1. At 7 Å along Cα-to-Cβ for each site, give me the label-to-label distance between A55 and C29 in nm.
2. With a sphere of radius 15 Å drawn around the Cβ of Y22, what net charge do the other residues whose Cβ falls strictly inside it have (Lys, Arg +1; Asp, Glu -1)?
3. Each label point is 7 Å from the Cα along the Cα-to-Cβ direction; what then is the distance between the points at H19 and S65, in nm?
Amino acid sequence: MSEIAGQTGLRGTPTAVVHESYSFACMRCGHGWEQSYEIEHHTDADGHEFVLYVADGRVVPSPLSRPGCQNCDGHVVRIMRPGQVSSVRGAAERHHAVPQAGPVEAPAVPAEPREPHHWHLSDLLHPFQRKAG
């Protein structure tokens with residue numbers, strides 16, 4: 001099947017429509033985004049099949065051909081399964097969450113002081129002593 005990108009005007013009635021979503025990450029600037037597409041399958045007057053990629057109601061080039069970064073116009077873009085960018089953003093937001101402001105509670109100090117322990121050399125050597133056997 002061939003692809004006709006950038007076609008404008010009436011698209012005609014597609015013979016089938018497939019919905020696909022992809023995640024993208026620019027390897028140049030690090031920008032990430034997600035996009036959903038309607039892939040319309042058509043047949044031209046000569047009986048040749050072709051597809052149109054439609055995003056946000058506009059015919060666009062195939063995202064699999066040579067995607068461009070929306071941030072820096074770079075063309076070194078990684079294509080991933082849907083949800084990858086949003087899951088990373090969600091994890092980053094949870095990781096960088098700022099705790100709510102408020103009073104900090106100090107740990108309680110015991111009211112009665114403990115009796116100091118007097119160490120003896122035999123106490124320190126006890127773990128190293130072997131039982132005769």
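Derivation of every value follows stated rules applied to the coordinates shown; laboratory data play no part. Computed from a predicted model, the values in this text were never measured in an experiment. FYI the Cβ positions are ideal-geometry reconstructions off the backbone, even for glycines, and counts take in every protein chain you see.
1. 1.4
2. Working: positive: R66, R78, R81; negative: E20, E34, E38, D56.
So the environment of Y22 carries a net charge of -1.
3. 2.5
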